[in-house]
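Values quoted throughout were computed directly from the atomic coordinates according to the rules given, and no laboratory measurement underlies them. Given the structure is predicted, the values throughout are model-derived calculations rather than measurements. With ideal geometry, Cβ positions are generated from the backbone for all residues, glycine too; neighbour counts draw on all protein chains shown.
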Ligand SMILES: NC(=O)c1ccc[n+]([C@@H]2O[C@H](COP(=O)([O-])OP(=O)(O)OC[C@H]3O[C@@H](n4cnc5c(N)ncnc54)[C@H](OP(=O)(O)O)[C@@H]3O)[C@@H](O)[C@H]2O)c1
């Protein structure tokens, strides 16, 4: 793995520069994505369309598309000279990242019930994003990020870590509620009840946004901020789209329920 990195980058200064560029590119992509999502929903799940390529089985798609977000970091941490992995702040931030992606890539896909097939283009873009972001987050944390030795006691790290955990629990719990709306073999939609769904239509998205915002606060880098911004753009647009969809689909949809932010929006 080190050999590949040496072939790609002439020096560590160059690699760090590229990592910074990738973060700024991700922020620009978030802005472009936001503009695009004003006109079109991300085409998977209930918005899947044959215009974006042939359908890929949903469990296969989620497993294969998310796997690079786990495998690329695994190689970077264990099969390269990852010089910062002996430092506690880096270790804890890497644990947060891996905790999410072990669940997302190795557990979540196999729990899906009756999900819609994913169009090939969405599947392909998800693979590219997972490789891109996996490299960006974990290469920076495992080899470059320098924190003061007492960073884990800093209010930013502590509050960020708590936000990350709360967001992760909300995300996993909300996805659990959604999947249990369907009995085995069912593919239709029902009104989600319980947990944070009593307050917002996009409870799972709210959790994930909080999660990566907390990670960005604890990680305090342009790289983690870029991922938090990208997640916020994609998932807040999806929450708004789902909310509108529920209101047109179900006459008895709870009127007090908001799209994303409890009591606010
Ligand atoms: N970090 C990021 O940028 C990012 C991007 C995308 C997704 N994610 C995360 O990935 C996870 C899944 O995302 P998603 O966009 O697929 O979420 P979603 O649209 O809420 O769907 C999640 C699953 O629940 C099913 N479902 C949703 N609403 C339902 C209802 N009312 N009745 C019955 N079943 C329902 C869906 O089936 P159908 O397939 O049939 O709709 C799908 O299998 C979430 O945790 C999300 O936060 C993260």
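Brief remarks on what is shown
- Cβ crowding within 10 Å, taken as a proxy for footprinting-reagent exposure, orders 44, 253, 108 from fewest neighbours to most as 253, 108, 44.
- For the pair residue 33 and residue 198, the difference between a 0.36 nm per residue extended length and the Cα-Cα distance amounts to 56.5 nm.
- For residue 40 and residue 71, the FRET efficiency from 1/(1 + (r/R0)^6), where r spans their Cβ atoms and R0 equals 45 Å, is about 0.90.
- In degrees, nearest ten, helix 155-179 long axis to first principal axis of the chain (Cα): 40
- Ordering 212, 168 by the number of other Cβ atoms within 10 Å of each residue's own Cβ, fewest first, gives 168, 212.
- Between 0 and 90°, nearest 10: helix 120-139 axis offset from the chain longest Cα axis: 40
- Neighbour-count order for 95, 237, fewest beta carbons within 10 angstrom listed first: 95, 237
- Expected 222 nm ellipticity per residue - DSSP helices of 4 or more, -39500 (n - 2.57), all of the chain, to 500: -20500 deg cm²/dmol
- Zone residues, the range 190-222, relative to residue 116, backbone N less than 15 Å from point 7 Å out along Cα-to-Cβ: 190
- Only Cα pairs under 8 Å and 6+ residues apart enter the sum, and on that basis the relative contact order of the chain stands at 24 percent.
- Potential extension, residue 146-residue 13 segment - 0.36 nm per residue separation minus Cα distance: 46.5 nm
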